[in-house]
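Read the figures in this text as sums done on the coordinates, not as results from a lab. The model shown is predicted, which means the values in this text are computed figures rather than measured ones. Here Cβ is always computed from backbone atoms with ideal geometry, including for glycine, and neighbour counts include all displayed protein chains.
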Amino acid sequence: MERILIGELSKHVGETVSISGWVDVRRDQGKMVFFDFRDRSGKVQGVVLPASAAMDIAKEVRNEYVVSVVGKVNKRPEKNIVADRQNGDIELEILQITVLNESEVPPFDITTDTSVVDENVRAEYRYLDLRSERMQKNMRLRSEFIHRCRDFLYGKDFVEIETPLLTESTPEGSRDFVVPSRLNPGKFYALPQSPQQYKQLLMTAGFERYFQVARAIRDEDLRADRGFEHTQLDLEMSFASMDDVMSTVEEMITTVVESLGYTIKQKPFPRISYKDAMETYGADKFDMRTPEEKEKGILAYAWVVNFPMFEKTDEGGWTFTHNPFSMPIPEHVDWLLKGENIDQIIAAQYDIVCNGFESGGGSIRAHKPEILEAVYRVMGHSKEDLEERVGHMLKAFKLGTPPHGGLALGVERNMMNLTGESYLREVQAFPMTRGGQTAVMNAPKPLSDKQLKELGLKVDKKD
Ligand code: ASP
């Protein structure tokens, strides 16, 4: 018999149908056995009546067994209708149960909110955790968010392009994860902290509008809202001003979150200078919602602009505040080229904040070699050093790179805003634990002697 989704059952009242899914709950009342079944589309109650041929098997089946069930869809009597529940007005009279797979007793209850369960246990059994209603909802919302962003960007002529994971270090201000090269012993790739340089090179390549749902991998201290891996909705546009990038992103966010049923506090998004933000909120990320608005899940977006381009290092030199590829605002390009008023140079940079998180950021980029050269000069790098670090970018800038700029949205931070979750792990399928252990699988772990030999590596024992 053809499988019917549980969410479609109410269209089949009076018919005998087949469903497949998991046993969500089983309640044995002696003469009758009640079940809630669950599939991707929802839940339904089923009952095995005293004379049913399915009674013997119903006594054996336990929670989380995978089953297919043949049953008759009955309308419930008026007094038994549960108005606020999906399929609350129907019930499956179970005629036959086939066990597709058994399940041991799960190590924690997945029919309730699992956020209270020990983090390491959740990570070890993440696939069970993901079965819970809240996690299903979060992951499906994440998928829908990405889907709608994609639709929007395709509609605006953006091209989706993947960039390499095994690459050279890109300076995003964090530590790299590195991968040894077997073919080149003693040499290493870096995993990308972002696709920054490749996306700029795609502008040189003439695509004009690029986006990617990209993994960004950074060896940073782990926090509630930060993991080693996060996903960015990464985009770049040629011939675009700050306003062009900001309004494209603002339109995308507005279209997507409103279509998902959310309310935005203020449109267009207010723009606040970095200086005012620091003076008003003491930080460049802030929450503008009233307690009532927090309650209602309203989204308060704002742009932060006019960031200083450089900040002092501990050693008294200068370093970039966002990334070294940003351009100063047009009025300050001259200062940069002459190396004057470094502390006053404002970057053509914009961050987007929402409900207390920095949910994205970007800038208009240097597209001429002399600008990037000047940035590295200010940071105290020699010509050779510059060549070594970004020589490939300088080369591309000399081969017809158009003016361009872009932005990356942090997918997890945006999802935390949409779901109201306070931890990154609630919106990622297989997050790491705070100790940096992978979910379900056992990494990091030592390499075998054979692997080490092949890679030309020796490990110093750390005590
Ligand atoms: N690559 C930047 C980042 O990861 C975003 C951007 O400037 O587009 O923060």
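On average over all directions, what projected area in square nanometres does segment 403-445 have, based on the convex hull of its Cα atoms? Write down the numbers at each step before the final one.
Working: hull surface 19.8 nm².
For segment 403-445, the mean projected area of the Cα convex hull comes to 4.9 nm².
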Base-10 log of normalised Debye intensity for the chain (one unit scatterer per alpha-carbon) at q = 0.14 Å⁻¹ | -1.32
Can you give the relative contact order of the chain as a percent, counting alpha carbon pairs under 8 Å and 6+ residues apart?
-> 13 percent
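Could you rank the peptides 213-219, 97-103 by their average count of other C-beta atoms within 10 Å per residue, with the highest value first?
Details: 213-219: 18.4, 97-103: 14.4.
Descending packing order for the listed peptides: 213-219, 97-103.
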Starting at the first residue of segment 354-371, write each ³J(HN,Hα) from the Karplus equation 6.51 cos²θ - 1.76 cosθ + 1.60 with θ = phi - 60°, in whole Hz, x for Gly and Pro.
-> 8, 6, x, 10, 7, 9, x, x, x, 6, 7, 9, 5, 10, 10, x, 5, 6
Two-site FRET efficiency, ASP109 against ARG434, from Cβ-Cβ distance with R₀ of 25 Å, rounded to 0.05 = 0.65
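Between SER259 and SER448, how high is the FRET efficiency from 1/(1 + (r/R0)^6) when r is the Cβ-Cβ distance and R₀ = 51 Å? Nearest 0.05. Can you show the working numbers first?
Working: r = 50 Å, r/R0 = 0.99.
Approximately 0.50, to the nearest 0.05.
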Which loop-located trypsin sites (Lys or Arg not before Pro) does segment 253-299 contain, where loop means any DSSP state but H, G, I, E or B and the Cβ has at most 15 other Cβ atoms within 10 Å?
-> LYS296
Please report, in Å, the Rg and the Dmax of segment 76-196, where both are computed over Cα atoms only.
-> 23.8, 75
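Rounded, prolate or oblate: which one fits segment 63-124, using the alpha carbon gyration tensor with axes a ≥ b ≥ c (rounded when a/c is under 1.5, else prolate when a/b beats b/c, else oblate)?
It comes out oblate by the Cα gyration axes.
Among MET278, MET237, MET246, which comes first, then next, by fewest other beta-carbon atoms within 10 Å? Each step should come with its number before you reach the end.
On the way: MET278 14, MET237 27, MET246 21.
Listing MET278, MET237, MET246 from fewest to most nearby Cβ atoms yields MET278, MET246, MET237.
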Using a cut-off of under 20 Å, list every residue of segment 2-32 whose amide N is near the label point 7 Å from the Cα of GLU133 along the Cα-to-beta-carbon line.
-> 5-10, 20-28
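Give the order of VAL427, VAL178 when sorted by the count of other beta carbons within 10 angstrom, beginning with the fewest. Don't jump to the answer; show the numbers that get you there.
Numbers: VAL427 25, VAL178 13.
Fewest-to-most Cβ neighbours within 10 Å comes out as VAL178, VAL427.
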Over the Cα atoms of segment 1-145, how large are the radius of gyration and the largest Cα-Cα distance (Dmax), in Å?
-> 15.7, 48
What nm value, rounded to one decimal, do you get for the distance between LYS187 and GLU331 when each label is placed 7 Å out toward the C-beta?
-> 4.7 nm
Amide N of segment 10-28 lying under 11 Å from the label point, which is placed 7 angstrom from the Cα of LEU100 along Cα→Cβ | 19-23
Taking amide hydrogens as modeled 1.01 Å from N in the peptide plane, which residues meet the under 5 Å criterion relative to VAL159, leaving out close sequence neighbours?
-> ARG209, TYR210, PHE211
What is the projected area of the convex hull of the Cα atoms of segment 167-301, averaged over all directions, in nm²?
-> 11.5 nm²
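Under the classification rounded if a/c is under 1.5, otherwise prolate if a/b is larger than b/c and oblate if not, where does segment 340-413 fall, given a ≥ b ≥ c as square roots of the Cα gyration tensor eigenvalues? List each step's numbers first, then the result.
Details: a/c = 2.24, a/b = 1.68, b/c = 1.33.
It is prolate, given that a/c is not under 1.5 and a/b is the larger ratio.
On full extension of the chain, what length is gained from LEU165 through GLN29, given 0.36 nm per residue of separation minus the C-alpha to C-alpha distance? Show your work: numbers first, answer last.
Working: separation 136, 0.36 × 136 = 48.96 nm, distance 5.58 nm.
Roughly 43.4 nm would be gained on extension.
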Read phi for every residue in segment 130-137 and hand back ³J(HN,Hα) as whole Hz from Karplus 6.51 cos²θ - 1.76 cosθ + 1.60, θ = phi - 60°, with x for Gly and Pro.
-> 5, 6, 5, 4, 5, 5, 4, 5
Once you sort the root eigenvalues of the Cα gyration tensor of segment 267-370 as a ≥ b ≥ c, which label holds: rounded (a/c under 1.5), prolate (a/b larger than b/c) or oblate (the other case)?
-> prolate
Simple spin-label model, 7 Å along Cα-to-Cβ: ASP243 to GLN266 in nm?
-> 2.0 nm
If you count, for each residue, the other Cβ atoms within 10 Å and average over each peptide, how do 64-71, 349-356, 441-448 line up from highest to lowest?
-> 349-356, 64-71, 441-448
For the pair HIS392 and ALA53, how long in nm is the line joining their label points, each one 7 Å along Cα→Cβ?
-> 6.7 nm
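What Kirkwood radius, in Å to one decimal, follows from the Cα pairs of segment 1-61?
On the way: mean 1/r = 0.0815 Å⁻¹.
By the Kirkwood definition, the hydrodynamic radius is 12.3 Å.
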Two-site FRET efficiency, VAL459 against GLU370, from Cβ-Cβ distance with R₀ of 45 Å, rounded to 0.05 = 0.50
